[in-house]
Amino acid sequence: MTGASTSGTNGAGHVASHRFLIWGGDGWVAGHLKTLLEGQGKEVFTTTIRMENRESVLAELDRIRPTHVLNAAGCTGRPNVDWCEDNKETTIRSNVVGTLNLADCCFLRGIHCTVFATGCIYQYDEAHPIGGPGFRETDPANFAGSFYSMTKAHVEEILKHYANCLILRLRMPVSDDLHPRSFVTKITRYERVVDVPNSNTVLADLLPGAVLLAEHGETGVYNFTNPGAISHNEVLALFRDIVRPGFMWSNFSLEEQAKVLKAGRSNCKLDTTKLVDKLREYGYEVPEVHEAYRRCFERMKAAGIQ
Ligand SMILES: NC(=O)c1ccc[n+]([C@@H]2O[C@H](COP(=O)([O-])OP(=O)(O)OC[C@H]3O[C@@H](n4cnc5c(N)ncnc54)[C@H](OP(=O)(O)O)[C@@H]3O)[C@@H](O)[C@H]2O)c1
C-alpha cells in the first residue's frame, strides 16, 4: 500500500498480554495515544494502512496481531470540516466505509476496537437547552448541519451493534500545547469567536481513560468529554489569566458566524454520567471542565508555552 507505514515500540516492562495497534498513525490524536501508551510501558504499534482496503487491513491485523486496535483515523477535512462538504465520496470512504470495515475486520479476528468518534452530532434543543441537561448516549443525533457530522452520526448507529467496539465521542479536543488542531489554538487564532457553552475533551484527562476502558474490554458508546460545559469566552479568559496575559479577542453571533462557514457547527453539552461512573470503577476521576482547563493551562504555563 503506497504511503502506508507501520512502526512499533516495545516499552520497558510492558505486560505481554496487551498489544495495541493505533490506526491513523500520523494523526494528531494518534500521536497523543502513542506517547501515552509508550509512557505507560505498553506494547504499541501504529499504522497508516487505509481503513477501507479490506485485504490490507486484514493482512496488517494478521501481521501485528494486536489485542486492541485504537482507531484514531478519520477524514476531518483541512483546514476544517467545511472541506468535507465538497469531498463527500472521500469523506464517506474514510468515515463510513473505512471505519466500518476496520471494525468488521477486528470483529472477525476477535480484536477489541476503540473508535475515536465525535459528539458533534447534537445541537441544543428544547429538551436540552443551554444550562439544561446534557445529551445522553441513548439520545438520537439531532445535528446533521455538516456532512462530516452526518457521516459520523450514521456510522455510529451501525457501529454500536458490533460486540467488539468501544465508541468514544470526543468534542473540541484540547492538548497541553498550541498544536493547530487543539480547540484552544483554533479559537485564539480566529478573528472573531462565538460564545456558546460546549462540552470539551481535554486529552490529558480523557486519553488515559480510553486506555482503561479498552484494557477492561468495555464496549458501547460513551460521551468522552470532561463533565460540564464551558463557553468560548470562559476558555479564553482562563487562557489570558494563566497563559498569555493581555490576550484579547472579539466575539460575533452565531448568525454572523454562519455567514463565514460552509457547513454548520454543533454546539451542545453531553451528559458524562456513564463515563464518569465507569471510570470511577477503575479508580479514575475526570475533572470538571473548568477545573480541567485551569490545570491544562497551568501545565502549559509551567512548560513555558505562551
Ligand atoms: N480534532 C477534532 O476536533 C476531533 C473532534 C472530535 C472527533 N475527532 C475524531 O478523532 C479522530 C482523530 O482526529 P484527529 O484530530 O487526530 O485527526 P487528524 O489529525 O486529521 O488525523 C486523522 C488521521 O487519519 C488518517 N486517515 C484519514 N482517513 C483514513 C483512512 N481511510 N484510512 C486510514 N487513515 C485515514 C489521516 O491520514 P491522511 O491525512 O493521510 O488522510 C490522518 O493521519 C477522527 O476520527 C476525528 O473525526 C476529532
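Listed by chain and number, the aspartates and glutamates whose C-alpha is less than 13 Å from the C-alpha of Lys34, apart from same-chain residues fewer than 8 away, are Asp26, Glu43. Restriction of the chymotrypsin sites (Phe, Trp or Tyr not before Pro) in the stretch 211-262 to DSSP coil positions whose beta-carbon has at most 16 other beta-carbons within 10 angstrom yields Phe247, Phe252. Residues with amide H under 5 Å of Ile22's amide H, sequence separation 5 or more or different chain, H placed in the peptide plane at 1.01 Å from N; which? For Ile22, the qualifying residues are Phe45, Thr46, Thr47, Leu70. The DSSP beta bridges internal to the chain are antiparallel in roughly 20% of cases.
With the Cα gyration tensor of the chain giving a ≥ b ≥ c as the square roots of its eigenvalues, does the rule (a/c under 1.5 for rounded; else a/b larger than b/c for prolate; else oblate) give rounded, prolate or oblate? Note, shape of the chain comes out prolate. Relative to the longest principal axis of the Cα atoms of the chain, the long axis of helix 289-302 lies at roughly 80 degrees. Rounded if a/c is under 1.5, else prolate if a/b is larger than b/c, else oblate: which is the stretch 165-306, with a ≥ b ≥ c the root eigenvalues of its Cα gyration tensor? Cα axes put the stretch 165-306 in the oblate bin. Measuring between their Cα centroids, the stretch 254-279 and the stretch 36-55 lie 28 Å from each other. Only Cα pairs within less than 10 Å get springs; with that Gaussian network setup on the chain, which residue of Gly77, Gly39, Gly31 has the largest fluctuation? Greatest mean-square fluctuation among the candidates belongs to Gly39. Between the helical axis of 147-159 and the longest alpha-carbon principal axis of the chain there is an angle of about 40 degrees. Near Val115, the amide H atoms lying under 5 Å from its own belong to Asn71, Leu166, Ile167, Leu168; only residues 5 or more places off or on other chains count, and H is placed 1.01 Å from N. Counting other Cβ atoms within 10 Å as a rough exposure proxy, the listed residues Arg265, Arg299, Arg189 run Arg189, Arg299, Arg265 from fewest neighbours to most. Of all stretches in the chain that contain no GluC sites (Glu not before Pro) in a DSSP loop with at most 12 other Cβ atoms within 10 Å, the longest one is 1-125. Taking 0.36 nm per residue of separation and subtracting the Cα-Cα distance, full extension of the segment from Arg63 to Ala302 would add 81.9 nm.
Partner lysines whose Cα lies under 17 Å from the Cα of Lys274, excluding those fewer than 8 positions away in the same chain, are identified as Lys160. The lysines within cross-link reach of Lys259, meaning a Cα-to-Cα straight distance under 21 Å and a gap of 8 or more places when in the same chain, are Lys186. Secondary-structure-derived ellipticity at 222 nm for the chain, considering helices only, amounts to -11000 deg cm²/dmol, per-run term -39500 (n - 2.57) for DSSP H runs with n ≥ 4. For the chain, the longest principal axis of the alpha carbon atoms and the long axis of helix 232-242 meet at an angle near 90°.
Charge dipole (Cα centre; +1 on Lys/Arg Cβ, -1 on Asp/Glu Cβ; no other charges) of the stretch 104-178 amounts to roughly 200 debye.
Each reported figure results from applying straightforward, stated rules to the coordinates on display, with no laboratory input. Owing to the predicted nature of the structure, the values given are computational and were not obtained by experimental measurement. Please note: Cβ atoms are built from the backbone with ideal geometry, for glycine as well, and neighbour counts cover all protein chains shown.
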